[in-house]
Structure formats: structure tokens, C-alpha cells
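Right, one structure below, let's go through it.
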Protein chains: 4
Amino acid sequence: MTTLEQEAESLVHSSDPNHPANHICTLCAKFYTLGWVRFTKKGGSAGTGGGTSIRHEDKIYIAPSGVQKELMKPTDMFVMDFNTKEYLRKPQVLKPSACTPLFLAAFERGAGCCIHTHSQWAVLVTLLVERDFGLEACFEIEEIEQIKGIPKFRGGRENLGYYDRLQIPIIENTAHEEDLRESLEAAMEKYPNSYAILVRRHGIYVWGDNVHKAKTQCESIDYILQLAVEMKKLGLPWTKS
Amino acid sequence: MTTLEQEAESLVHSSDPNHPANHICTLCAKFYTLGWVRFTKKGGSAGTGGGTSIRHEDKIYIAPSGVQKELMKPTDMFVMDFNTKEYLRKPQVLKPSACTPLFLAAFERGAGCCIHTHSQWAVLVTLLVERDFGLEACFEIEEIEQIKGIPKFRGGRENLGYYDRLQIPIIENTAHEEDLRESLEAAMEKYPNSYAILVRRHGIYVWGDNVHKAKTQCESIDYILQLAVEMKKLGLPWTKS
Amino acid sequence: MTTLEQEAESLVHSSDPNHPANHICTLCAKFYTLGWVRFTKKGGSAGTGGGTSIRHEDKIYIAPSGVQKELMKPTDMFVMDFNTKEYLRKPQVLKPSACTPLFLAAFERGAGCCIHTHSQWAVLVTLLVERDFGLEACFEIEEIEQIKGIPKFRGGRENLGYYDRLQIPIIENTAHEEDLRESLEAAMEKYPNSYAILVRRHGIYVWGDNVHKAKTQCESIDYILQLAVEMKKLGLPWTKS
Amino acid sequence: MTTLEQEAESLVHSSDPNHPANHICTLCAKFYTLGWVRFTKKGGSAGTGGGTSIRHEDKIYIAPSGVQKELMKPTDMFVMDFNTKEYLRKPQVLKPSACTPLFLAAFERGAGCCIHTHSQWAVLVTLLVERDFGLEACFEIEEIEQIKGIPKFRGGRENLGYYDRLQIPIIENTAHEEDLRESLEAAMEKYPNSYAILVRRHGIYVWGDNVHKAKTQCESIDYILQLAVEMKKLGLPWTKS
């Protein structure tokens, strides 16, 4: 093993459970149990089934595509230099996640962790919004306590209040995951305070200032999306007006 | 460490799994698995996502806000003197739960343990009651075996019978959790035998004479609320008349 | 400890996981996880929340009421002599299950294990049958592969075929669980090949020739009841005619 | 033990978790937890409740019928010679799976692993297709991201694209599982690129070129079937036209 290879290896070996390479594995296993990430496909552009990425200082740790999420190992991780966008570590038999350009879009706006899931509640909400409010509409809900788990301003410390309306933009899906980047970035600009973007018939991207925030925001939003689907089954409206 | 600090520390260190500081951690992990507590927010008044508190003799143990419920540790606990309402122990980097005044309202009426959840069944039931019976109505159901898991009189040993009607009052949500106290106490007075109060669009508070009773009452009520939602999906009425 | 007490104790101590006292604990924990048994109430006649009993030769092992099902210990077991119906072992601080007379009714008809659950699917099916087919009707379903998991004749080795119709009788609930015995036995006589009886607004009793059969029959029936509820939500009929 | 018996035993003893005999046990336990396999029946032709089989070189490993799926042990496995179709190993007290001829039909078309489940979503989808599109129709869905988890051509490396329509044929159930073989093979010929076949009122067969692919394809398809059922509950169509 060359010195360069040894350096690359050392990036993913740590006994600290909060080291990014370990943390991603724990999160993926937890998300698998929650049914958020099911589908993995070896082979790059054809699609990946959810994923997680962490930015730690100037390094980005990315779960590969093609690995069963509940069996992910730290040595499966790709590591990228945030400044040069070059890979510092590439597991030989694995393919990088097709979500990588989308994760980068979040990191360039200050995110410390980005989570992509195929949550069924997310998919169903995008279909319900299209049917009931039209293709241009975003998902809107108000006066649900759990809304208070979502930040009010990107980068700020304040969360939404109970009487605030939560808005999550929806972008149209594309044939190839990496082609989502343009519309994802457009939505990030149009909704400068949003920490989440739904993808029609596909799933959701949620990010946060750090791993802890990304995880709890993802949980709060999934709770709200599930509640929203159940409300529709019972004929209950999402907003007051 | 000063003697005072050592005393404060000793309050939460015990090898007994039934010690309140340990018990709260076990309960929170279990509730997380059940999906009752998802959202945690660091920062006091903006809200917390469910919580648990135990009164043991003249001490009150309270889970903090801002800690992931499945990762709670005994050393995360706040401990308050029940008589003076002063904190005997405050973890430095954590914020006390915004539910604290609401837990106190239950303890002052004899409770030994109080549980607050954001159960989706609870939220949906409050919305269904409002739509079908009006803002002033409380949740009512009868002739369901599980009702027999709920006490008939506060402080008594008798439970509801199969032919009794279970009533759970509903209070309106407020922007700030601590502002619920007034209406919560009013509902406690109006329904002197209730061990649970629903909060519209928010969740539920359930308490019991001790930890065991609070947990099993919380489980029985959540079972009933879930059943009630499924009944509405199937067009089945909650009461006979 | 007297010799008699030592003998009583030895009834529930075994390192064999298939010993009835151990087996009941494993089953109860599994059923708790499945949400079949939630509610426990200390105090005899007021009700119990599901339970399990095993007959082994001339001894009957019965889970107590009032113990959290996921925390059941072998030393919590009641042991009864099947012939004399006298308790060989009674844990001092616990109450025997109110289901005991109902379990006995199954054992007297050859059962080796009897399981009682408050499965929500069971409760909902009893309500749907009453609404759609009337109070006297039993639950009927046909042409579902899982039906083949249920025996065709009590005590026989043959199971129902795919084209056979599964019938599960429904009895009316009573204020006190032990008062179910008369109608339970009447249903056992009227449906001499049934291994399960639904109790309206309450749950289900399932038994089997041995522990293994009782467990798999209970799982098959719960699968069918859940499917039946989902079919009603989607407007699909249970039978062809 | 004779030399022949020793050879038979050595077929199922390995410390490698990816050895087929171990792998089947891990998969069955996982599928039990997901609720895909519930019902087991000792006794051959009457039916089995889901199962798994792996082909490794010229040997086929088959989970027995009649064993609780979550408790399967490597020594419970049947091993068959793929060329001669003779058993190399038969556990004495167990019955071979009634799915065996159906698994063979997949292996003869290149499969490396075949999974049969009684998933409720599969059963409900077959009923919904019959009601809404007629007995001859197959299940069709399009523009759902998860479709990209399913191969486009049998034996190829390309997966379905987002704009491709997923088709899963449905065959009619028969009284005896082994009698499904003829129509299963007819469907395999009619849909030469399908890796899955639904069985009306029964469940689904999913296979893959190897264990990893069979498992992830089974997970992707179950995700899609669950989503399809939820879409029907909400009145959402499966296809655009």
C-alpha cells in the first residue's frame, strides 16, 4: 500500500461513533428500519435508493450506491475534498452515489449533512398536491405542533412557530437523478429558508446545519408527511383557509 | 467538584433499572420505537417533542429538551425539588423541558409519572372530534374492552367498566407549550377523574399514580385512539347513540 | 421454605427454553412487539389485556394479570393441576388471569395452548361483521391462500383447503371476562371444528393442539383479519357470493 | 454416521455468513420481521407460507416447510442436485417446501435465488387489478422512482428507467401450490423480462440473478406494491393514461 493509499484509508477508520464514516452507517441502518431507504442499485446513473452524506470541515463523506443500507460499512464510504471536488478515497468495487451533485448543492449553501429518502409519505404527498392544488403548488400545512421542529430561516437558530405555515417546494422528477440538480438549486433559491425539497413521484431531500439537525428535521418532516396522508384519507384539510 | 455538585451528580447515578433517572431513559427509548416521540428541539420555549417525568418522593426527574429520545442518558436528567420547585441538578449544556409546568400540574394532583407524546392517533382524533362534534366536544368512546385499562376515579383503585363511556377532554393548542398550563388545569378540574388530556393538533398528556400505571394507561389510550381513527376510516361510530 | 413451597418453585425453573414457564414469557414478549397485548391490569375481575396459557401433561401454566407482557418472568407464572383445578403455585403478589376459565374451556376440548389477544384487526372485524351482516353472523372469508394455515377439523391433521370457507364465530362481550365462558363454550359446540372465537369489541381467543400450532394459527388468523380490514377499506368483498 | 451422511451434513455447515445454508436463515428471519412470511405448515402439499431458495453452482438449497421462519437453522435445509434433481440432503423430520417445483422453474431460467412471500400488499394488488382491469390484466405502474430498482431485461445489467412501465403478470391461484408451475412457466415465457410473478389471492414470487439482487428486487417490488395500495385508498391512478 502506498502512502497515498494509507492516507485515504485513514480517512474512514475511527473508533469514534460520531466520526462521519461511522455515523453514516448508523444512520443508514436506522433509516432502513424506518422503511425510508429500500432500494439499492449498483451502477451509477440508473438511480440510487436514498442516501446520506456528511460534510466535516473540508471533507465530504458519501454513502455509495449499490450497497444494502442496513449492511453499510465505514470502508464503503467515498470521501471528497469539498474545495477541489476531487475524491480523496474511492472504494474500488463501488460506484459513487448518483445523489452526489444534489448533496453538493446543499453543502454549498451551508449544510453539514444531507439525507435523501424514498419515504412513501413523501411520494404520496407529491401526488396529492398535484391532484388537489396543481403542478406548480408546493406542500403547505399549518397549525400542527410538529411544525415547530423545522427551522424558520436557513442558517438561523429560530424554528417555525405553531401559527406559521410550513412550505416544502416540490420539483418534477427526471429520468436521471443527477439531472435534478438544476431544478433543485432553483427551488433552493426560490425558497431560501427551506431545509427540504420534495421530488414528485420520487422522495425527499432534507438537510441540516449538522448531522443532529438533519436527522431530527428529517424525522419531523416525515412525521408531518405521514400525518398529512392520513388527514387526506380522513377528509381533513391541511390548511385553515 | 464541590460537595454540592457531588450531591447533584449522585441524584442520577444508580445501578437500579427502576431508579427514576434510568427509568426515564428506558421509557423514552421505548416510546421512540413506538413513534410517539420524534421531534426534539434544543432551546426552551419553542417546543419539545414529547417527554417524560417521574416524581419520586419529594424529587421530580425530568427528561431534557433537545436530546434525541432514543439516546437519552441518566446524566441528561434535570432534577427538581417538588416543594421548592428549585432545580437540584441542571445539566449545563441542556435546556429544561418546556413541558415542566404541565408535568407539575399533574404532580400537584397526585401523579407519580407524566408522559407527553405527539402520537399521530392523538392528533387525528382531535381533528376528527372538532369536525364531527364541534370545538367544545371531548373525545368519547364506549363498549371497547380496552377501556377497562383506564381508571374510573382519580386516585382510586377501580377501573372503567366495559359499559362505561371513556371521556378524554381536548384543550386548544397555544403558540408556546408552557401557555397550555391554564387550560390544562381547567380541564383537570372540569374532568376530575380523567388521567389524560388531548391537545388539539399537538398530542396528549397522560399521567398515572406511578410509573407502571402511567405507562400502561398511556399504552391503553394510544391503542384506543388508533382504533378510533381506524373506525372512522371504515365509517364505524365511536358511541352507540 | 417448606418442601411444598420448594416443589411449587421447581415447577417454573428450567433451563429449557421450551419449558412452559419460559415459553410463555417468550411468546408474551413477541406478542407485545406485534401489538397484540398492550393492556395489563392488576386486580382480577376487571379485565386483563390478552394472555397465554400452556397445558403440559396434567399441569396448566398461566401468565398472570397485571404484569407488563414484555417483562414477564417464569416466576410470575401460575400453575394449576388440570384434574383438580387447584393451584399448585400462586405467586403471592400477583392475581390470576381473568381468562383462566376460558383457557380451561379450550383445554377441556384437547387444546395444548391458548392465546388471547386484543388485536385491533380482530376488534374491527367484529364491528364490520355486525354492520354488514348482522349480530348473528360469524366472520367468513374464502379463497385466500393463508386460509390453508388453519386446521379443517379439531384434533385432525388436515388443514382447510384454498376453496374452503374459513368461519370464525363471534360472541358478544360481557362486562366481566369470566362471564364469557358460557357463550364461548356454546360457540365451541356450535362450531366444533373452529380453533378460534372472536369476541365483539374485545379481541380473539385462538388455541391449538400444542404451542407451535397455537402460535402459527394465531399468526395466520391475525394475517387474515388484517387483510380483511384492508379489503373493506378498499371496497373488496370477503366472499365470492 | 456413514461417509454419505457425513458428506450430506457438510453441505450445510459453514462459518461463512454468505454460505447458502446460513444466508437463507438470515433472509427468512428478516422477512418474518417484515411480515412477509407468517404461516408455516408441516405436511407437504397443503401449502407453505413463503420461502426462500438459493442456487449455488450445481446445488440448490431450499428452506423446509413447517419450520417457524424466524427460528430457521442451517441444519433444517434441504439440498438438491440441480442436474439430477435428486436430494443430496433431506432433514429426516422435515418436509420439503411445496414451492420447490416453482423455484426450479426460476433456476432453469438462470435465477440464483428465488423468494416467495405472502405479502399483504401483493394479495391486495391482485384483487384491485381484477376488480378495476379484469382477470386477464397484469399489474402496471409507471413514473415511480423505485421502478428503477427492477431489471429491464432478464439476465441483462440494465434496469427499468423512470419513464418505463413496470409490468408484473398475475396468475390464478390453484388448490395445491405445486400446481402453479404450469401457469407460472407460461407467464415466465409470455413476460420474458419479468423477474416477478404475482399469484392472485396468494402472494408473489420474486427472483434474481443472485441472492443480493433477489433480495433488493423483492424489497423494491414490495415497496411499489404497498405504494400502489395506498394510492388506491387515496383515489390516485397507477398509470398516466
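Looking at A:Lys240, A:Lys148, which is the one that is at pLDDT below 95, within 25 Å of B:Leu128 (Cα to Cα) and surrounded by fewer than 21 Cβ atoms within 10 Å (Cβ to Cβ)? Break it down stepwise before answering.
Details: A:Lys148 fails: surrounded by fewer than 21 Cβ atoms within 10 Å (Cβ to Cβ).
Sole residue among the options that is at pLDDT below 95, within 25 Å of B:Leu128 (Cα to Cα) and surrounded by fewer than 21 Cβ atoms within 10 Å (Cβ to Cβ): A:Lys240.
Inspect all residues belonging to the range B:162-178 and state whether any of them is in contact (Cβ under 8 Å) with a residue 12 or more places away in the chain, out of contact with any helix residue (DSSP H, G or I) (no Cβ under 8 Å at 6 or more places or on another chain), within 12 Å of chain C (Cβ to nearest Cβ) and farther than 20 Å from A:Met231 by Cβ.
Yes - at least one qualifying residue is present in the range B:162-178.
If you check B:Gly235 against the conditions, is it touching a Gly at 6+ places or on another chain (Cβ under 9 Å) and within 14 Å of chain A (Cβ to nearest Cβ)? Lay out the reasoning, then the answer.
Numbers: touching a Gly at 6+ places or on another chain (Cβ under 9 Å): no; within 14 Å of chain A (Cβ to nearest Cβ): yes.
No, not satisfied.
Only one residue in B:Glu189, B:Glu178 is at pLDDT 95 or above and not in a loop (DSSP other than H, G, I, E, B), so which one is that?
On the way: B:Glu178 fails: at pLDDT 95 or above.
Result of the check over B:Glu189, B:Glu178: B:Glu189.
Of all residues in the range B:88-135, count the ones that are touching a Leu at 6+ places or on another chain (Cβ under 7 Å), surrounded by fewer than 20 Cβ atoms within 10 Å (Cβ to Cβ) and of a type in the set (Val, Ile, Thr).
0
If a residue has to be out of contact with any helix residue (DSSP H, G or I) (no Cβ under 7 Å at 6 or more places or on another chain) and of a type in the set (A, V, I, L, M, F, W, C) to count, how many in the range B:128-146 make the cut? Break it down into steps so the answer makes sense when it comes.
In the first step, residues of the range B:128-146 are kept if they are out of contact with any helix residue (DSSP H, G or I) (no Cβ under 7 Å at 6 or more places or on another chain); the result is B:129-136, B:138, B:140, B:142-143, B:145.
Filter again for of a type in the set (A, V, I, L, M, F, W, C), leaving B:129, B:133, B:135, B:138.
Of the residues in that region, 4 qualify.
Which one is nearest to A:Leu184 (Cα to Cα) among residues in the range A:77-109 that are in a strand (DSSP E or B) and of a type in the set (A, V, I, L, M)? Spell out how you get there, then give the answer.
Filtering the range A:77-109 for residues in a strand (DSSP E or B) gives A:78-81, A:87-89, A:95.
Then keep just the ones that are of a type in the set (A, V, I, L, M); that gives A:79-80, A:88.
Working: A:Val79: 23, A:Met80: 21, A:Leu88: 26 Å.
Looking at the filtered set, the residue picked out is A:Met80.
For the range A:109-152, give me each residue that is within 13 Å of A:Gln217 (Cα to Cα) and within 13 Å of chain B (Cβ to nearest Cβ).
Answer for the range A:109-152, where residues must be within 13 Å of A:Gln217 (Cα to Cα) and within 13 Å of chain B (Cβ to nearest Cβ): A:Gln146, A:Ile147, A:Lys148, A:Gly149, A:Ile150, A:Pro151, A:Lys152.
Based on this model, can you work out whether A:Asp81 counts as touching a Leu at 6+ places or on another chain (Cβ under 7 Å), without any contact (Cβ under 8 Å) to a residue 60 or more places away in the chain and surrounded by fewer than 17 Cβ atoms within 10 Å (Cβ to Cβ)? Full working, then the answer.
Numbers: touching a Leu at 6+ places or on another chain (Cβ under 7 Å): yes; without any contact (Cβ under 8 Å) to a residue 60 or more places away in the chain: yes; surrounded by fewer than 17 Cβ atoms within 10 Å (Cβ to Cβ): yes.
Here the answer is yes, as A:Asp81 does meet what is asked.
Conditions first: (1) of a type outside the set (Asp, Glu); (2) farther than 30 Å from A:Ile141 by Cβ; (3) touching a residue at least 12 places away in the same chain (Cβ under 8 Å). B:Gln92 passes all but one, so which condition is the exception?
(3)
Does at least one position in the range C:56-72 carry a residue that is within 15 Å of the chain's Cα centre (by Cα) and modelled with pLDDT under 85? I'd like the intermediate steps shown before the answer.
Within the range C:56-72, the first condition is being within 15 Å of the chain's Cα centre (by Cα), and the residues that meet it are C:60-65, C:69.
Keeping just the survivors that are modelled with pLDDT under 85 gives C:65, C:69.
Yes: the range C:56-72 contains one or more residues that are within 15 Å of the chain's Cα centre (by Cα) and modelled with pLDDT under 85.
For the range C:198-223, how many residues are farther than 21 Å from B:Tyr223 by Cβ and either outside the structural domain of C:Pro169 (by the TED database) or in contact with a Leu (Cβ under 7 Å, 6 or more places away or on another chain) (or both)?
Here is the first cut: in the range C:198-223, the residues farther than 21 Å from B:Tyr223 by Cβ are C:207-217, C:220.
Retained after the next criterion (residues that are either outside the structural domain of C:Pro169 (by the TED database) or in contact with a Leu (Cβ under 7 Å, 6 or more places away or on another chain) (or both)): C:215.
Total meeting the criteria: 1.
Take the residues in the range D:196-230 that are surrounded by fewer than 24 Cβ atoms within 10 Å (Cβ to Cβ) and among the hydroxyl-bearing types (Ser, Thr, Tyr), then tell me which one is nearest to D:Phe133 (Cα to Cα).
So, considering only residues that are surrounded by fewer than 24 Cβ atoms within 10 Å (Cβ to Cβ) and among the hydroxyl-bearing types (Ser, Thr, Tyr), the one nearest to D:Phe133 (Cα to Cα) is D:Tyr223.
Could you pull out the residue among D:Lys233, D:Lys190, D:Lys240 that is closer than 19 Å to D:Phe153 by Cβ and more than 16 Å from the chain's Cα centre (by Cα)?
Details: D:Lys233 fails: closer than 19 Å to D:Phe153 by Cβ; D:Lys240 fails: closer than 19 Å to D:Phe153 by Cβ.
Residue meeting the stated conditions: D:Lys190.
Quick check: anything in the range B:31-47 at pLDDT 85 or above, outside the structural domain of B:Thr174 (by the TED database), closer than 18 Å to B:Trp207 by Cβ and not in a loop (DSSP other than H, G, I, E, B)? Show your work before the answer.
Step one: of the range B:31-47, the residues at pLDDT 85 or above are none.
For the range B:31-47, residues at pLDDT 85 or above, outside the structural domain of B:Thr174 (by the TED database), closer than 18 Å to B:Trp207 by Cβ and not in a loop (DSSP other than H, G, I, E, B): absent.
What about C:Arg165, is it more than 14 Å from the chain's Cα centre (by Cα) and surrounded by 19 or more Cβ atoms within 10 Å (Cβ to Cβ)? So that I can check it myself, show each step before the final result.
On the way: more than 14 Å from the chain's Cα centre (by Cα): yes; surrounded by 19 or more Cβ atoms within 10 Å (Cβ to Cβ): no.
No: the conditions fail for C:Arg165.
Only one of these is within 14 Å of chain D (Cβ to nearest Cβ), of a type in the set (A, V, I, L, M) and at negative phi: A:Val211, A:Val206, A:Val199. Name it.
Numbers: A:Val211 fails: within 14 Å of chain D (Cβ to nearest Cβ); A:Val206 fails: within 14 Å of chain D (Cβ to nearest Cβ).
Of A:Val211, A:Val206, A:Val199, the one residue that is within 14 Å of chain D (Cβ to nearest Cβ), of a type in the set (A, V, I, L, M) and at negative phi is A:Val199.
Output the number of residues of the range B:179-195 satisfying the condition of being crowded, with 22+ Cβ neighbours inside 10 Å and within 14 Å of chain A (Cβ to nearest Cβ).
1
Residue by residue through the range C:96-132, note down the ones that are of a type in the set (Val, Ile, Thr) and at pLDDT 95 or above.
C:Val123, C:Val125, C:Thr126, C:Val129
Can you tell me which residues in the range B:222-241 are closer than 25 Å to C:Gly235 by Cβ, assigned to a helix (DSSP H, G or I) and not hydrophobic (A, V, I, L, M, F, W, C)?
Going residue by residue through the range B:222-241, those that are closer than 25 Å to C:Gly235 by Cβ are B:226-238.
From what's left, assigned to a helix (DSSP H, G or I): B:226-233.
If the condition is that a residue be closer than 25 Å to C:Gly235 by Cβ, assigned to a helix (DSSP H, G or I) and not hydrophobic (A, V, I, L, M, F, W, C), then B:Gln226, B:Glu230, B:Lys232, B:Lys233 are the ones that fit.
Taking the conditions exactly as written (more than 16 Å from D:Leu198 (Cα to Cα) and touching a Lys or Arg at 6+ places or on another chain (Cβ under 9 Å)), does D:Ala111 satisfy them or not? Before you say what the answer is, go through the steps one by one.
Values: more than 16 Å from D:Leu198 (Cα to Cα): yes; touching a Lys or Arg at 6+ places or on another chain (Cβ under 9 Å): yes.
Considered against the rule, which asks whether it is more than 16 Å from D:Leu198 (Cα to Cα) and touching a Lys or Arg at 6+ places or on another chain (Cβ under 9 Å), D:Ala111 comes out as yes.
The values are calculated or read from the model by the stated rules, or taken from the named source; none is laboratory data. The model shown is predicted, which means the values in this text are computed figures rather than measured ones. Ideal geometry is used to build each Cβ from the backbone, glycine not excepted, and the neighbour counts take in all protein chains shown.
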